[in-house]
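Note sheet for the following structure.
Every read-out reported here was derived from the displayed coordinates using simple, explicitly stated rules and does not represent laboratory data. Fair warning: this is a prediction, and the values are worked out from it, not measured in the lab. Note that each Cβ is placed from the backbone with ideal geometry, even for glycine, and that neighbours are counted across all protein chains shown.
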Amino acid sequence: MDFLTVAGLLVAFGGIFLGQLLEGGKLSSILQLTAFIIVIGGTTGAVMVQYRLPVFVRSLKMLPWIILPPKTDPQPVIQELLEWSNTARKNGLLALEGLLETVNDPFMRKGLQMLVDGSEPAKIRATLEVDMDSRSEVERQGARVFESAGGYSPTIGILGAVLGLIHVMENLADPAKLGAGIATAFVATIYGVGSANLLFLPISNKLKGVVHQQNYLREMIIEGLVSIAEGENPKLIEGRLQSFYAE
């Protein structure tokens, strides 16, 4: 679990709410359902217009990654690759066939299948690199959905403020309502700018970081699989794989 994300959200929103209270304001004055609906609804609609349905759905599936990212610890993967290397060195590549059902990761299973099939090292590298690039591009598109939302929400917030001011202008005959009405109108701007800089853009960058980590791990996996196909010594393979994460 990525506790830094949770802590960051608490610090960000806690600081804003605390500042509001210290200034003598009320939390109720910045908690406006109408402004929330305008900004979040308008931003979501704009993003849906920009992206295709599979990309939009993918972005929603990736959202939990900001708190529960996929495992990218290299050490268990390195140990598994070394076990494959030792097995192949002692009993041949066909001895790895029985391990296919035990591999959960689709990327590693595909590489292991190519090893069992006796594919050439160059072909294994080329095929897996195409697979890696395709997967990472799909994931980057999902991250860009939130980046786009961060671009739209401030403008939608201004739109919400203008709509609120129109409502205020309709009540000019009652000066007592003008102050509260104007304050409420500008809450939409707060929601627009705040959601962009506290949620959408940080989420996008967090997801891009996770995608980068996954891509780097896949590069290491490719190197390990190619080394096994070339029949290299397991000790040499271990040193090469550990160098990917050398401090």
*asked:* Over segment 1-137, how many pairs of lysines fall under 24 Å by alpha carbon, counting only those 8 or more apart in sequence or from different chains?
replied: 6
*Using Cα pairs closer than 8 Å and at least 6 residues apart in sequence, work out the relative contact order for the chain, in percent.*
31 percent
_Protection-proxy order for peptides 53-61, 31-39, each taking the mean of Cβ atoms within 10 Å per residue, highest first_ = 31-39, 53-61
*Taking the Cβ of Arg240 as the center, what net charge do the other residues with Cβ under 9 Å away carry, scoring Lys and Arg +1 and Asp and Glu -1?*
-3
_the chain: angle of helix 53-62 to the longest principal axis, Cα-based, in degrees nearest 10_ = 80 degrees
*asked:* Quick check on the chain: helices-only [θ] at 222 nm, where DSSP H runs of length 4 and up contribute -39,500 (n - 2.57) each and the sum goes over total residues. Nearest 500, please.
replied: -25500 deg cm²/dmol
*asked:* Show me, for segment 69-80, the HN-Hα J-couplings you get by feeding each phi into the Karplus relation (A = 6.51, B = -1.76, C = 1.60, θ = phi - 60°), rounded to Hz, glycine and proline as x.
replied: x, x, 5, 10, 5, x, 4, x, 5, 4, 5, 5
*Two decimals is fine: what is log10 I(q)/I(0) at q = 0.11, 0.12, 0.14 Å⁻¹ for the chain, from a Debye sum with one equal scatterer on every Cα and no solvent?*
-0.72, -0.79, -0.94
*How big, on average over all directions, is the shadow cast by the Cα convex hull of segment 1-142, in nm²?*
12.6 nm²
